[in-house]
Amino acid sequence: MEEELDSNFKTVGNIRTEKSVIMNVEDCNVYYGDVHALKNVNMEIGKSEVLALIGPSGCGKSTFIRCLNRLNDTIDIARVTGKISLDGKDIYSDYINTSGNMDVVLLRARVGMVFQKPNPFPKSIFENVAYGPKIHGLCKDKNDLNNLVESCLVKVGLWDEVKDRLEDSGTSLSGGQQQRLCIARAIAVQPEVILMDEPCSALDPIATERIEDLISELKQNYALVVVTHSMQQASRISQRAAYFHMGNLVEVDSSNKIFNDPSHPLTTNYISGRIG
Amino acid sequence: MNNINRADLNVTKLIERSLEKRNQKERYFRIYGISSLVIAVVFLLTFFASIISTGYQAFIKTDIELEVFLDSEVIYPNGTKTEEDLFFADYDSLIFTSLKEHLPELKNRKERRQARLILSSGASYKIQNKIIKDKSLVGQTVSFILPLDDEVDMYLKGYVDTESSENSRKITDFQIALVENLIEKDLIHRNFNTTLFVSGDSREPELAGILGALVGSFMMLTITFIISFPLAVSAAIYLEEFAKKNIWTDFLEVNINNLAAVPSIIYGLLGLAIFINFFGFPRSAPIVGGLVLSLMTFPVVIIASRAALKSVPPSIRDAALGLGASKIQTTLHHVVPLALPGMLTGSIVGMARALGESAPLIMIGMVAFVVDIPTSITEPSAALPVQVFLWSDAPERGFAEKTSAAIMALLVFLLLMNSLAIWLRNKFQIKW
Ligand SMILES: Nc1ncnc2c1ncn2[C@@H]1O[C@H](COP(=O)(O)OP(=O)(O)OP(=O)(O)O)[C@@H](O)[C@H]1O
Ligand SMILES: [Mg+2]
């Protein structure tokens with residue numbers, strides 16, 4: 001099962017979304033030096049839906065979502081080709097010359113990210129949430145900012161736990177609280193897409209459940225792309241799911257289809273627990 | 001079931017056996033560690049003991065208390081009473097007149113000359129300075145505390161072997177007798193040596209002080225910090241956070257590491273060629289010294305700052321970039337504050353090294369004999385390490401203890417700088 005797929009392999013299932021398209025990925029390839037980490041990925045990401053990315057370790061899930069907000073730019077040896085657009089505008093236009101470009105700062109403000117390991121800034125809890133709105137100038141005054149911080153912390157269910165200690169360092173929170181703080185920090189910028197790379201991998205079942213609830217709630221207003229290793233979690237939270245295998249996007253379809261009746265044998269094997 | 005139990009037992013035994021070896025190793029390692037620590041401490045203590053034992057007497061000096069009649073006929077011999085008279089007046093003879101009252105036994109010219117030499121040549125300047133400040137003193141009898149000659153000082157500190165032949169020492173038997181006589185009359189006192197801290201260099205050990213060198217070193221370090229810290233930190237930030245890693249940055253890195261290891265005297269030569277010969281800066285001035293030390297400290301601070309930046313976890317950068325912070329915002333808001341303690345400590349360590357450097361300063365002429373305390377960075381000045389070098393080379397015995405005193409001053413300076421480094425580190429340390 002470890003053998004690579006044919007170089008002109010075509011993703012099975014349905015790469016289109018039923019909702020309105022927010023991001024579109026065409027012929028995306030990523031190379032880390034000589035390593036071809038992501039091969040010819042084509043997929044749409046729709047508004048108000050949760051897209052789950054599944055696949056064995058090292059298959060390129062993180063690589064893929066880091067393409068969506070150009071965080072791969074920070075890796076010197078990484079090279080991204082193909083076209084990824086947000087609302088029809090090419091986000092890699094510094095690379096490829098097309099009309100209608102988008103600044104990387106604006107892109108990342110519109111496409112937020114939550115990381116696998118909680119990474120709050122070693123600053124106060126308040127400052128953690130307020131940082132994004134501050135640098136983007138989203139709040140007209142202090143009062144506005146206070147309200148925004150409060151509403152974000154309420155959304156992630158952290159407000160009651162931290163309202164008396166907003167000046168404490170974000171790093172003084174527990175792992176689960178830190179992860180929720182990071183989510184609050186991401187939604188404070190009011191992005192349109194939120195990318196989550198294994199947001200629950202460091203959390204206990206209770207914290208995990210809270211984050212799952214939060215994801216379902218966020219879905220109303222945001223497009224979410226969530227990497228997860230838990231099949232149960234993926235089927236609980238997602239409307240669409242994509243299975244990656246050694247850099248290939250093997251299959252993408254509605255979650256219902258993927259988890260109950262996958263088309264590709266690799267997906268079947270993975271879902272039934274034979275790999276990964 | 002039985003099998004598993006026996007296997008378990010075996011594993012426990014195996015671990016126990018290896019445990020003994022491991023504990024043994026740990027004991028050895030602790031012994032190595034402690035013995036090397038002990039050796040280091042012994043060396044350090046020997047070093048301190050030798051410096052302090054030769055140097056502590058430098059903080060004491062011997063003075064003579066004399067009532068001097070400031071005879072206006074001697075001070076204004078022409079009757080003109082001009083300022084100029086005060087500069088050329090024969091204060092020596094005033095002092096001597098007073099001394100003679102206490103030593104009536106002086107017979108011939110030779111004896112009188114020897115008696116005069118008990119006092120430092122700086123004694124008359126002391127009187128002169130006082131009169132210039134307050135001219136109304138002329139005509140009165142004023143009590144002065146005047147410095148004794150360094151040889152007398154040495155004798156009183158017990159460095160002169162009175163049994164040895166008179167020719168082999170600088171203080172004669174007759175002078176010793178005079179000094180003992182004056183001690184009996186309770187005119188000679190031992191005081192705290194303020195001169196050491198308030199004056200510059202001098203040919204006479206009893207008049208020499210470290211203030212000039214301290215001020216010079218302080219000026220140079222300030223210049224070094226002002227120039228090298230911002231430059232090196234920006235260079236480090238650029239190299240670490242912005243520059244693409246390629247053959248050029250690798251080449252730069254190798255060169256910076258090399259520069260940090262270049263012998264300091266070469267920086268002195270460079271400074272001589274560029275700042276003095278090309279730009280025409282004054283010789284032996286703190287500005288040139290500071291520039292040369294900046295050049296020297298620059299690569300060290302770059303290396304320390306880069307290490308500090310490298311140790312900032314990449315997840316912090318990802319977090320900020322992921323929120324849409326620009327590269328420069330990420331760096332200034334998140335990365336630099338976390339790296340700042342390391343940068344500061346690194347640069348203070350670099351500056352501490354610069355403080356102790358004498359070779360490059362010698363190349364730019366800072367070995368010059370400078371009496372005045374510098375008041376600006378373009379005036380000629382001494383520097384602490386060079387002062388140590390100069391005094392240790394001087395033939396007078398009085399300079400030996402001054403050398404140790406200067407070394408102590410250097411060590412205290414270093415201690416202050418390193419404490420500052422620790423304080424700054426704790427102050428800016430961000431708790432995780
Ligand atoms: N910075 C990097 N430099 C070089 N190779 C990398 C780098 N990051 C990832 N890779 C390679 O790219 C491939 C995909 O990695 P990626 O991190 O996307 O996997 P993943 O699906 O997220 O795995 P996991 O589930 O373990 O997080 C792997 O083979 C990995 O070795
Ligand atoms: Mg990953």
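The figures follow:
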item	result
A:Ser151 at the interface with chain B (Cβ under 10 Å from one of its Cβ atoms), among the hydroxyl-bearing types (Ser, Thr, Tyr) and more than 25 Å from B:Ile328 (Cβ to Cβ)	no
Complete set of residues in the range A:221-253 that are polar (S, T, N, Q) and either within 15 Å of ligand 2 (Cβ to nearest atom) or within 28 Å of A:Cys28 (Cβ to Cβ) (or both)	A:Asn221, A:Thr228, A:Ser230, A:Gln233, A:Ser235, A:Ser238, A:Gln239, A:Asn248
Residue count for the range B:114-153, restricted to those that are out of contact with any strand residue (DSSP E or B) (no Cβ under 7 Å at 6 or more places or on another chain), closer than 30 Å to B:Arg169 by Cβ and in a helix (DSSP H, G or I)	7
Test: residue in the range B:379-399 that is under 30 Å from B:His334 (Cβ atoms) and among the basic types (Lys, Arg)	no
Residues located in the range A:164-177, provided they are more than 16 Å from A:Val114 (Cα to Cα) and within 11 Å of chain B (Cβ to nearest Cβ)	A:Asp168, A:Ser169, A:Ser172
Within the range A:135-183, considering residues that are small (Gly, Ala, Ser) and modelled with pLDDT of 90 or more, the one nearest to A:Pro120 (Cα to Cα)	A:Gly170
The lone exception for A:Lys61 - which of (1) within 12 Å of ligand 1 (Cβ to nearest atom); (2) within 12 Å of another protein chain (Cβ to nearest Cβ); (3) modelled with pLDDT of 85 or more it fails	(2)
Filter result (assigned to a loop (DSSP other than H, G, I, E, B) and either open to solvent by less than 10 Å² (accessible area, probe 1.4 Å) or within 13 Å of another protein chain (Cβ to nearest Cβ) (or both)) within the range A:178-206	A:Ala188, A:Val189, A:Gln190, A:Pro191, A:Glu192, A:Pro199, A:Ala202
Counted residues, the range B:413-432 - those being within 14 Å of another protein chain (Cβ to nearest Cβ) and in contact (Cβ under 8 Å) with a residue 24 or more places away in the chain	3
Enumeration of residues in the range B:30-89 that are touching a residue at least 12 places away in the same chain (Cβ under 8 Å), open to solvent by 60 Å² or more (accessible area, probe 1.4 Å) and in a loop (DSSP other than H, G, I, E, B)	B:Pro77
Residue among B:Pro341, B:Pro263 that alone is within 14 Å of chain A (Cβ to nearest Cβ) and either at pLDDT 90 or above or open to solvent by less than 30 Å² (accessible area, probe 1.4 Å) (or both)	B:Pro341
Pick from the range B:324-338, criterion among the hydroxyl-bearing types (Ser, Thr, Tyr) and within 11 Å of chain A (Cβ to nearest Cβ), ranking: least open to solvent (accessible area, probe 1.4 Å)	B:Thr330
Enumerated helices (runs of 4 or more DSSP H) restricted to the range B:306-394, each holding at least 2 residues that are within 16 Å of B:Ser217 (Cα to Cα)	B:336-355, B:359-363, B:384-393
Tabulated pairs, the range A:26-40, first open to solvent by 60 Å² or more (accessible area, probe 1.4 Å), second more than 16 Å from ligand 2 (Cβ to nearest atom) and of a type in the set (Gly, Ala, Ser), C-beta under 6 angstrom, 6+ apart or interchain	A:Glu26/A:Gly82; A:Asp27/A:Gly82
Qualifying positions in the range A:235-265 - crowded, with 21+ Cβ neighbours inside 10 Å and among the acidic types (Asp, Glu)	A:Glu251, A:Asp253
Top-ranked residue in the range B:123-146 [being polar (S, T, N, Q) and in contact (Cβ under 8 Å) with a residue 12 or more places away in the chain; ranked as surrounded by the fewest Cβ atoms within 10 Å (Cβ to Cβ)]	B:Ser143
Residue within the range A:66-87 that is closer than 23 Å to A:Pro262 by Cα and either β-branched (Val, Ile, Thr) or within 16 Å of ligand 2 (Cβ to nearest atom) (or both) present	no
Residue satisfying all of: in the range A:208-234; over 16 Å from A:Pro118 (Cα atoms) and within 16 Å of ligand 1 (Cβ to nearest atom); surrounded by the most Cβ atoms within 10 Å (Cβ to Cβ) among these	A:Val225
Hey, A:Arg66 within 16 Å of ligand 1 (Cβ to nearest atom), open to solvent by less than 20 Å² (accessible area, probe 1.4 Å), within 10 Å of another protein chain (Cβ to nearest Cβ) and modelled with pLDDT of 90 or more or not	no
Helices (runs of 4 or more DSSP H) lying entirely in the range B:170-241 (those with 2 or more residues that are open to solvent by less than 20 Å² (accessible area, probe 1.4 Å))	B:173-184, B:211-237
Criterion: of a type in the set (Asp, Glu) and either touching a Gly at 6+ places or on another chain (Cβ under 7 Å) or touching a residue at least 12 places away in the same chain (Cβ under 8 Å) (or both) - qualifying residue of B:Asp161, B:Asp149, B:Asp186	B:Asp149
Which listed residue, of B:Glu151, B:Glu105, is surrounded by 15 or more Cβ atoms within 10 Å (Cβ to Cβ) and acidic (Asp, Glu)	B:Glu151
The range B:215-226 residues that are assigned by TED's automatic domain parsing to the domain that holds B:Ile302, paired with ones that are basic (Lys, Arg) and crowded, with 22+ Cβ neighbours inside 10 Å (beta carbon under 6 Å, 6 or more apart)	none
Answer from A:Gly82, A:Gly88, A:Gly112, A:Gly46 - the residue that is open to solvent by 10 Å² or more (accessible area, probe 1.4 Å), under 26 Å from A:Lys219 (Cβ atoms) and of a type outside the set (Val, Ile, Thr)	A:Gly88
Residue that is farthest from the other protein chains (Cβ to nearest Cβ), among those in the range A:116-148 that are under 21 Å from A:Gly175 (Cα atoms) and among the polar types (S, T, N, Q)	A:Ser124
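The values are calculated or read from the model by the stated rules, or taken from the named source; none is laboratory data. Small disclaimer: the values here were computed from a predicted structure and weren't measured. Methodologically, a virtual Cβ is constructed for each residue, glycine included, from the backbone with ideal geometry; neighbour enumeration extends over all protein chains shown. Please note that ligands, DNA and RNA were not included when accessible areas were found on the heavy atoms of the full protein model with its side chains. Shrake-Rupley method; radii C 1.70, N 1.55, O 1.52, S 1.80 Å.
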